[in-house]
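The values are calculated or read from the model by the stated rules, or taken from the named source; none is laboratory data. This structure is a prediction, so every number in the text was calculated from the model and none was measured. Please note: Cβ atoms are built from the backbone with ideal geometry, for glycine as well, and neighbour counts cover all protein chains shown. Side chains are part of the model used for accessible areas, which takes the heavy atoms of the whole protein and leaves out ligands, DNA and RNA. Shrake-Rupley method; radii C 1.70, N 1.55, O 1.52, S 1.80 Å.
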Amino acid sequence: MRRIALVTLVVDDYDEAIRFYTEALGFRLAADEPRPDGSRWVVVEPGTAGHGTGLLLARAKDDSQRLRVGDQTGGRVGFFLHTDDFTRDHVRMTTAGVTFLEEPRHEPYGTVAVFQDLYGNRWDLLQPAE
């Protein structure tokens, strides 16, 4: 079996990003380990261990990486968070201060709304149609 295990997301600050992804989005902190170069290996996951793709939160190291924070996909939706209960997660995330860029809409493929993370990256919250 093969799968994409991690996707790197460049962030400004480890602790700020951990707080957002765990508290506002409800992800779990899967790893937070210091590395010899002073960086950290920080992984957050939306579900239980080993199910789905995790995010490697990587602190920007230089100016060229800092320019990418919040715009890693050129302003397009680059991340898709699937849920089995759109209303539950939409209410929880809104209450936690997550910014949704549109009202929920019903499409043939499911219920969806675009939101942005703390840096401005665009995400879909999506409950796929049955």
Taking only Cα atoms, what is the 0 to 90° angle, nearest 10, from helix 86-95's long axis to the longest principal axis of the chain?
50
Of (i) 15.7, 48; (ii) 15.0, 49; (iii) 14.4, 45, which one was derived for Rg and Dmax of the Cα atoms in Å from the structure shown?
(ii)
Could you work out what % of the accessible surface of segment 1-72 is carbon and sulfur, using a 1.4 angstrom probe and leaving DNA, RNA and ligands out of the count?
49
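Run through segment 1-100 and list the chymotrypsin sites (Phe, Trp or Tyr not before Pro) located in a DSSP loop whose Cβ has at most 15 other Cβ atoms within 10 Å.
In loop regions of segment 1-100 (DSSP not H, G, I, E or B), there are no sparsely surrounded chymotrypsin sites (Phe, Trp or Tyr not before Pro).
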Suppose each label sits 7 Å from its Cα in the direction of the beta carbon; what would the Glu103-Asp84 distance come out to in nanometres?
2.9
Quick one: check the C-alpha center-to-center distance for segment 36-83 versus segment 2-28, whole angstrom.
6
Evaluate the charge dipole of segment 31-130 about its Cα centre and quote only its size in Debye, nearest 20, assuming +1 on the Cβ of each Lys and Arg and -1 on the Cβ of each Asp and Glu.
340
Leaving out ligands and nucleic acids, and using a 1.4 Å probe, what accessible area per residue does the chain come to in Å²?
60
Give the residue from Val77, Leu125, Ala58 lying farthest towards the positive end of the charge dipole for the chain; charges sit on Cβ (+1 for Lys and Arg, -1 for Asp and Glu) and the dipole is referred to the Cα centre.
Ala58
Restricting the count to DSSP beta bridges whose residues both fall in the chain, what percent are antiparallel, rounded to a multiple of 5?
65
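Among 110-120, 29-39, what's the highest-first ranking by average C-beta atoms within 10 angstrom per residue?
Values: 110-120: 17.7, 29-39: 10.5.
For the peptides 110-120, 29-39, the packing ranking is 110-120, 29-39.
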In deg cm²/dmol, rounded to 500, what helix-only [θ] at 222 nm does the chain give when every DSSP H run of at least 4 residues adds -39500 (n - 2.57) and the total is split over its residues?
-3500 deg cm²/dmol
